[in-house]
Every structure is written in C-alpha cells, then in structure tokens.
Amino acid sequence: MRVLLTGANGLLGHNIILRLLEGGHEINAIVRNAKSLVLSDERLKVFEGSFLDLSDLRKAAEGCDAVIHAAATTDMSLLHYSDFEKIIVHGSQTVIDVCNELGIKIVVYISSANTIGYGKAEKLATETEPMQSPFTESFYAKAKKQAEELFVGQSQRAESHVIIVNPTFMLGAYDTKPSSGAMLLAAHRKFVTVATKGGKNFVHVGDVAQAAVNALSMGRNGECYIAGNQNLTLRQLYQIQKKMSGYPKHIIVLPTALAKCAGAFGDLLRLCHIPVSFSSVNIRQLCIREYYSTQKAVEELKMPQTPVETAVADSLVWFVAAGKIRTTKTLSNR
C-alpha cells in the first residue's frame with residue numbers, strides 16, 4: 001500500500017514512517033522542508049509543500065491508497081482560535097477534499113485524547129466520555145474536536161474506512177522539534193524539579209505509530225481509539241526520569257493555588273498580545289489527573305504496550321544523540 005503521510009517531520013510522524021516501512025508500505029510524505037526529515041529510504045518519497053494548499057496536497061496524494069493525517073500545530077503560544085482552526089480544521093478539510101477527488105477511501109486521522117473526557121484512577125475514561133473542561137476551553141482541543149467531526153462525516157461515505165486515533169502524552173525517539181519531550185528536557189539534570197499535582201496517561205510514541213499503521217486495515221469505521229498506556233502522576237513520571245538518567249533529583253509538588261496564579265499571569269501577558277505558552281487553561285490541564293483506558297485500541301488495533309520507562313529512556317537517548325543533553329552512565333549502558 002502507498003500511504004500519504006502529513007506531519008511526517010514530527011515526533012509521531014517519524015515513528016509512523018518507521019512502522020510503515022517495517023510493514024512493507026511505500027510512503028509519500030508532504031513537508032515544508034525536506035531537510036526537516038531525519039529518515040530516508042528508497043520507499044519514502046518526499047514532497048515539499050503545504051498540506052494546507054490543495055494543489056500541493058493533490059500532487060503528493062496522487063497514486064496513494066490511503067492517508068494518515070498527523071499534521072497539526074501544538075504551539076500553545078498562539079493567541080487566537082483562528083490560528084489553530086486554519087491548520088487543524090481547514091487543513092483537515094483540505095485532506096478530505098483531496099481524498100474525495102482522488103477516490104482515497106482509507107483515512108487515519110491523528111487527533112488527541114483531549115477531545116475525550118478524562119477519568120480518574122478508580123474509574124478510567126473510555127472513548128464514550130464527552131469532552132470536559134478545561135479542554136473545552138483549549139483552542140487546540142476544540143480545533144481537534146471540530147476536525148474529528150469532519151472525519152466522522154467522511155466515514156459515512158460509501159466504502160469508507162475512516163479511523164480516528166486519539167493519542168495521550170507521547171514520549172520516545174525522533175522528537176526533533178522537540179514537542180512533548182520538552183518536559184523531560186526542562187527537568188534534565190535539575191536537582192530540584194517542580195511538578196503540579198496533576199497526572200496524565202503516558203505512552204511510547206512507537207506504540208501510537210503502530211496503532212495508526214494498523215488502523216489502515218483494522219478498527220471500526222468512524223470510531224475513535226484512545227492510544228495510550230500508563231496513568232501516572234507528573235511526580236511519578238519525573239521519578240522514572242530520575243531512574244533512567246541516573247541523576248539525583250528532588251521533586252517538589254507545587255500547590256494548585258500557586259500554579260493557578262502562574263496561569264493567571266500568563267493570561268495577563270496574552271491579553272497584552274505577548275505570546276507565552278502558559279495560561280490558566282494550560283495550567284488547569286496540568287493540575288488535573290486525566291486517566292484513560294486503552295483497552296479498545298489494544299484489542300481492536302492490536303496496539304503494543306511498551307513500558308513508559310522505555311519511552312522515557314528512548315527520549316533521553318535520542319536527545320543525547322541529537323546533542324541536546326549530555327549522556328550519563330545509565331543511558332550509555334542501554
């Protein structure tokens with residue numbers, strides 16, 4: 001199968017490329033700059049252009065049997081919903097338009113677990129939970145939810161196979177920008193690391209990539225699948241980082257009220273048109289425990305469940321190779 005991949009130069013995109021190649025597929029990847037890809041293969045054809053441009057996307061999609069649409073923006077410093085809407089929603093509509101024009105029936109859309117209501121340790125959330133605050137106020141999550149609705153509509157077309165994959169917090173190798181691994185970078189070699197009382201569902205990015213590739217032929221048309229693994233507090237994540245890196249670390253859990261003060265200050269800066277990445281909405285997200293069940297993806301998409309310890313170690317090894325951090329004895333022994 002020849003697969004068109006958007007967002008190929010991101011953390012998940014690079015891992016999807018690896019899994020597609022392992023599965024014997026051929027890939028057409030559309031990126032603004034071919035140099036942003038660190039992988040190459042004779043079965044990987046790179047098209048320079050924008051997936052937002054109908055002409056560019058059509059050219060990249062010609063001859064493809066399926067699409068994995070992973071491109072988005074996660075830049076939380078953007079000040080307006082329209083900034084997210086243009087890339088996430090309008091970009092998704094462009095993907096759909098090209099699929100309809102070229103007769104591509106198989107589409108895997110990479111959304112976010114933030115569009116699904118979160119649970120707690122004693123009652124994990126499933127795909128049936130409606131979106132909850134504070135994510136209903138997040139520009140990113142709202143745009144992802146709106147794009148999901150477009151793909152659900154697309155799934156109603158004859159002979160369609162449209163699957164929505166909702167990743168939780170991904171960690172692993174090839175975090176080129178970096179994206180989610182920035183959390184680990186910020187805490188690396190810090191004797192004191194500050195965390196909120198919140199928690200997340202963490203997952204190895206390679207497992208999400210495998211679920212996305214499997215979704216080309218697995219899963220139920222028009223359905224969402226939470227792609228995650230372990231539910232951990234942020235403190236527990238940093239304890240894993242401490243173990244994997246070998247550096248001493250003291251973790252301080254910040255009182256929620258104090259964390260929210262920082263969010264309010266971010267709101268003030270944003271009102272002054274200063275593009276900072278922290279706001280009251282983002283801080284509230286860090287103060288809750290968003291825990292999910294991944295049973296559906298494991299059973300129906302055959303999604304692997306690699307330990308989060310491996311995901312953290314793979315992230316750190318990648319950052320060492322990329323020259324972003326210095327190695328340790330623990331890492332060098334892997």
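Of all residues in the stretch 18-36 being touching a strand residue (DSSP E or B) at 6+ places or on another chain (Cβ under 6 Å) and surrounded by 16 or more Cβ atoms within 10 Å (Cβ to Cβ), which is nearest to VAL165 (Cα to Cα)? Explain how you work it out, then say what you get.
Filtering the stretch 18-36 down to residues touching a strand residue (DSSP E or B) at 6+ places or on another chain (Cβ under 6 Å) leaves 20, 25-30, 34.
Restricting the remaining residues to those that are surrounded by 16 or more Cβ atoms within 10 Å (Cβ to Cβ) gives 20, 25-30.
On the way: LEU20: 16, HIS25: 19, GLU26: 21, ILE27: 19, ASN28: 20, ALA29: 19, ILE30: 20 Å.
My answer is LEU20.
Among the numbered criteria (1) surrounded by fewer than 18 Cβ atoms within 10 Å (Cβ to Cβ); (2) touching a residue at least 12 places away in the same chain (Cβ under 8 Å); (3) over 30 Å from ASP267 (Cα atoms); (4) among the polar types (S, T, N, Q), which one does SER40 miss?
Condition (2) is where SER40 drops out.
I need the full set of residues from the stretch 181-199 which are of a type in the set (Gly, Ala, Ser), within 21 Å of ASN229 (Cα to Cα) and touching a residue at least 60 places away in the same chain (Cβ under 8 Å), in order please. Even if it seems obvious, please write down each step before you answer.
Keep residues of the stretch 181-199 that are of a type in the set (Gly, Ala, Ser), which gives 181-182, 186-187, 195, 198-199.
Right, trim to within 21 Å of ASN229 (Cα to Cα) and you get 181-182, 195, 198-199.
Residues satisfying the conditions are GLY181, GLY198, GLY199.
Could you look through the stretch 133-191, keep only residues that are closer than 30 Å to PRO307 by Cα and acidic (Asp, Glu), and pick out the one that is surrounded by the most Cβ atoms within 10 Å (Cβ to Cβ)?
Looking at the filtered set, the residue picked out is ASP175.
Which ones in the stretch 255-281 are modelled with pLDDT of 85 or more, hydrophobic (A, V, I, L, M, F, W, C) and not in a helix (DSSP H, G or I)?
Selection gives CYS272, ILE274.
Which one is farthest from ILE274 (Cα to Cα) among residues in the stretch 59-79 that are outside any loop (DSSP other than H, G, I, E, B) and hydrophobic (A, V, I, L, M, F, W, C)? Steps first, answer last, please.
Kept after step one, since they are outside any loop (DSSP other than H, G, I, E, B), are these residues of the stretch 59-79: 59-61, 66-69.
Subset that is hydrophobic (A, V, I, L, M, F, W, C): 60-61, 66-68.
Numbers: ALA60: 37, ALA61: 38, ALA66: 41, VAL67: 37, ILE68: 34 Å.
Restricting to residues being outside any loop (DSSP other than H, G, I, E, B) and hydrophobic (A, V, I, L, M, F, W, C), the top hit is ALA66.
I'm trying to understand the selection: among the residues of the stretch 94-113, which are farther than 21 Å from ASP53 by Cβ and in contact with a Lys or Arg (Cβ under 6 Å, 6 or more places away or on another chain)? Working first, answer last.
Keep residues of the stretch 94-113 that are farther than 21 Å from ASP53 by Cβ, which gives 105-106, 108, 111-113.
Passing the criteria: SER111, SER112.
Go through the stretch 94-111 and give me each residue that's surrounded by fewer than 23 Cβ atoms within 10 Å (Cβ to Cβ) and either part of a loop (DSSP other than H, G, I, E, B) or of a type in the set (D, E, K, R) (or both).
Narrowing the stretch 94-111 to residues surrounded by fewer than 23 Cβ atoms within 10 Å (Cβ to Cβ): 94, 96-97, 100-106.
Across the stretch 94-111, the qualifying residues are ASP97, GLU101, GLY103, ILE104, LYS105.
The values are calculated or read from the model by the stated rules, or taken from the named source; none is laboratory data. Everything numeric here is computed off the predicted structure, so don't read it as measured data. For neighbour counting, all protein chains shown are included, and Cβ atoms are generated from backbone atoms with ideal geometry for every residue, glycine included.
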